[in-house]
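Report on the structure given below.
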There are 2 protein chains.
Amino acid sequence: MQITRETDYAIRCILYLAGKDGNSAVVGEISRDQAVPRTFAAKIMQKLHKAGLVVSTRGVKGGYTLNRTPEEITLLEIVEAIEGPISINICVIDKNSCERQPHCNVHPVWVEIRDLLVEKLRSYTLDKLINNNPPSGDNTTGRRRA
Amino acid sequence: MQITRETDYAIRCILYLAGKDGNSAVVGEISRDQAVPRTFAAKIMQKLHKAGLVVSTRGVKGGYTLNRTPEEITLLEIVEAIEGPISINICVIDKNSCERQPHCNVHPVWVEIRDLLVEKLRSYTLDKLINNNPPSGDNTTGRRRA
DNA sequence: GTTTTTAAGACAAATTTTATCCTAATTATA
DNA sequence: TATAATTAGGATAAAATTTGTCTTAAAAAC
Ligand code: SF4
Ligand code: SF4
């Protein structure tokens, strides 16, 4: 019940773009900075491109750029771009995958947990991750509040 | 990000015990009733035994029996008996697994999600799953409340 | 002592994960 | 126009995990 390395890498990659001025970089740079194997990173960027999260430019001066602002991209979108729809158990995305589903008391639990995951992942935007926004009510910087 | 077939099977198996009078059965019966491959079910029951969720008796008249009441066994325990400690990403159970962890802004998100999962899985007991307890405030039986 | 059951570990096929490699296609610019 | 730098896409493959099976032993009842 884990995300894959690929998904972790994908988050690193797109978060690197989000943190850069211009939200733009080439695969080589992303790979180096984020310690993601280069050819693997290339494949990952292609997936993020197909999912519409980044735009690509070929040729000299090419590279990848965020297709939206960091406030508008969520962890959920990144995870789903790599792994497909979130499902904690096969029956959650495909009821036909299990003939026991119609009379299974556990099935609704997995649906509930899936919904919980989706909601939580959607609540985190790249923006929040970069600025490490503390939950409201927290004040860990030690600065005085207004 | 899915539970394995083995874990799904394990829940079926132990839930079958919980639903039976005496909370007891042999592997052959469990396997047949729950459509779990027999030798695989045998291995699963061994894991549940090692986790202390069931007791075993060898020989004629042997079999497996719940080691506690269905009210006292949670989904969390079953999942962890099969898959080990819940971790949505490697860094959650082993910080040393990723050298980026000390300055990673995503790490706390996975910890938070792990905690959420643990809490939710712990809230479901075998008892609740058998009786399909509706959330409080629900009244799907159509019976009038007191 | 025969039958029924679990215990434990070796074995193995299938699938998924984690990549790499190669050949285009595209773009800037010398 | 050639060349260099970049992404696009598909084939390939090693490693790890999942999903089982098989075999032998141990225990218990009868
Ligand atoms: S047995 Fe229930 S929980 Fe398991 S796959 Fe089938 S429907 Fe889903
Ligand atoms: S990069 Fe962050 S989230 Fe990913 S494994 Fe490392 S610590 Fe965990």
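Taking both sides together, what accessible area is buried at the B/A interface, probe 1.4 Å, expressed in Å² and rounded to the nearest 100? Mind dumping the intermediate values first?
On the way: alone 9770 and 9780 Å², together 16120 Å².
What B and A bury together is about 3400 Å².
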Residue of B:G28, B:G84, B:G19 that the Gaussian network model of chain B assigns the largest fluctuation, springs spanning Cα pairs under 10 Å: B:G84
The protein assembly as shown - convex hull of alpha carbons, volume per residue in Å³: 200 Å³
Label spacing, shortest first and in nm, from A:N131 to its equivalents in the remaining copies (7 angstrom along Cα→Cβ): 4.8
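Normalising by the residue count of the range B:85-124, find the relative contact order in percent from Cα pairs under 8 Å and 6+ residues apart.
Details: 23 pairs, mean separation 15.9, N = 40.
Dividing the mean separation by the residue count of the range B:85-124 yields 40 percent.
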Solvent-free Debye scattering, log10 I(q)/I(0), computed from the Cα coordinates of the range B:8-61 at q = 0.28 Å⁻¹: -1.30
222 nm mean residue ellipticity, helices alone, for the protein assembly as shown (DSSP H n ≥ 4; -39,500 (n - 2.57); rounded to 500): -14500 deg cm²/dmol
Distances in nm from B:Q101 to the matching label points in the other copies, shortest first (labels 7 Å along Cα to Cβ): 3.7
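What's the average, rounded to a whole number, of partner chain beta-carbon atoms within 10 Å of each residue's beta-carbon in B:115-125? If you can, show how the numbers build up before the last one.
On the way: counts 0, 5, 6, 0, 1, 5, 2, 0, 1, 5, 0.
Counting other chains' Cβ atoms within 10 Å and averaging over B:115-125 gives 2.
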Nm distances between copies for A:E72, ranked from closest, using label points 7 Å along Cα→Cβ: 5.6
For chain A, built as a Gaussian network whose Cα springs stay under 10 Å, the top-fluctuating residue of A:C13, A:C91, A:C104: A:C104
Highest-MSF residue in chain B out of B:K20, B:K61, B:K120 [GNM, Cα springs under 10 Å]: B:K61
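Evaluate 2.2 N^0.38 Å with N set to the residue count of the range A:85-124, then give the Cα radius of gyration divided by it. Please list the in-between numbers first.
Working: Rg = 10.9 Å, N = 40, 2.2 N^0.38 = 8.9 Å.
The reported ratio for this selection is 1.21.
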Scattering curve values for the range B:60-130, log₁₀ I(q)/I(0), Debye with Cα scatterers, q = 0.13 Å⁻¹: -0.51
Lysines whose Cα lies under 30 Å from that of B:K50, excluding same-chain neighbours fewer than 8 positions away: B:K20, B:K61, B:K95, B:K120, B:K128
Rounded tilt (10° steps) of A:5-19 against the dominant C-alpha axis of chain A: 40 degrees
R0 of 22 Å, Cβ-Cβ distance A:S97-B:T4: FRET efficiency to nearest 0.05: 0.95
Virtual paramagnetic centre 7 Å along Cα→Cβ of A:F40, amide N under 17 Å, in the range B:98-112: B:98-101
Stokes-Einstein D (µm²/s) once Rh is taken as the Kirkwood radius of chain A over alpha-carbon pairs, at 20 °C in 1.002 mPa s: 125 µm²/s
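The values are calculated or read from the model by the stated rules, or taken from the named source; none is laboratory data. Since this is a predicted model, take the numbers as computed values, not measurements. No Cβ is skipped: glycine too gets one built from the backbone with ideal geometry, and neighbour counts run over all protein chains shown. Areas reflect the complete protein model, heavy atoms only, side chains present, ligands, DNA and RNA absent. Shrake-Rupley method; radii C 1.70, N 1.55, O 1.52, S 1.80 Å.
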